[in-house]
Amino acid sequence: AVRVLCSYPPEAILFYVPQLVQAVRYDTMGYVTEFVLHAAHTSQLLAHQLIWNMKTNIFQDEESLQYDEQIGEHLENLIEQMKKCLSGSALAFYEREFDFFHKITDISRIIKPYPKGAPRKEACLKSLSEVKLQTGCYLPSNPEAVVLEIDYKSGTPMQSAAKAPFLARFRVKRCGISELENLGLKDPTTDG
């Protein structure tokens, strides 16, 4: 099965990231781990998706308090191995993308202490306005489209008893995985 997966393009493998990460749990012979590392080398976007999924599976709960003893350490080691292989433009792309998305998701943490209604809405708009878009960034849920613009007036807190989700709009350009990867790997300090 791993040999067959090696013949698939990264675009096809993206659909199976959650299953691959969970397969690592039962990978007593190391074939899946070896494939995950191979796949991460074939595509920066695939590496990003694998890392995001692994980070969510290190813990068993949404608050990241209950460590998954069965797979957590192995996933942490895999993430470190993948990150160590990054250098130059690939490392810069990774750092820009993960910094951008961390700032977007961190808005929920920032607005959570505010009372629901106008105060939370104001905090949401302020926090969103502080996020600066960098070249070649994308939303993890849509790795085929580059983010062109953040609609800074769209920040709207959503209703939730336990969390502080919010809605924001982004203007994106669908360009496909290969083109998005090329855009992300370009040096943002040059025009070409």
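For K132, which lysines qualify as cross-link partners when the Cα separation must be under 23 Å and same-chain residues fewer than eight apart are set aside? Answer for K132, where 23 Å is the Cα cut-off: K103, K112, K121, K153, K173, K186, listed by chain and number. Considering only A12, A145, A47, the mean-square fluctuation computed in a Gaussian network model of the chain, springs between alpha carbons under 10 angstrom, is largest for A12.
Full-extension gain between H41 and C6, please, as 0.36 nm times their residue separation minus the C-alpha to C-alpha distance. Write out the running numbers ahead of the final one.
On the way: separation 35, 0.36 × 35 = 12.60 nm, distance 1.15 nm.
Extra length from H41 to C6 when fully extended: 11.5 nm.
Amide H contacts under 5 Å for S154: R169, restricted to partners 5 or more places along the chain or on a different chain, H placed in the peptide plane at 1.01 Å from N. For the chain, the longest principal axis of the Cα atoms and the long axis of helix 44-57 meet at an angle of about 80 degrees.
If you sort the three axes of the alpha carbon gyration tensor as a ≥ b ≥ c, you get a/c of 1.5 or more for segment 29-77 and a/b no higher than b/c, which makes it oblate. Report, in degrees rounded to the nearest 10, the 0 to 90 angle that the Cα long axis of helix 118-129 makes with the longest principal axis of the chain. For 118-129 against the chain, the angle is about 50 degrees.
How much FRET efficiency would the formula 1/(1 + (r/R0)^6) give for N142 and K55, where r is the Cβ-Cβ distance and R0 is 22 Å, rounded to 0.05? Intermediate values should be presented prior to the final figure.
Working: r = 18 Å, r/R0 = 0.84.
Computed FRET efficiency for N142 and K55: 0.75.
Just so you know, all these numbers are worked out from the coordinates, no wet-lab data involved. Computed from a predicted structure; not experimentally measured. Every residue, glycine as well, gets a Cβ built from its backbone with ideal geometry; the counts of neighbours run over all protein chains shown.
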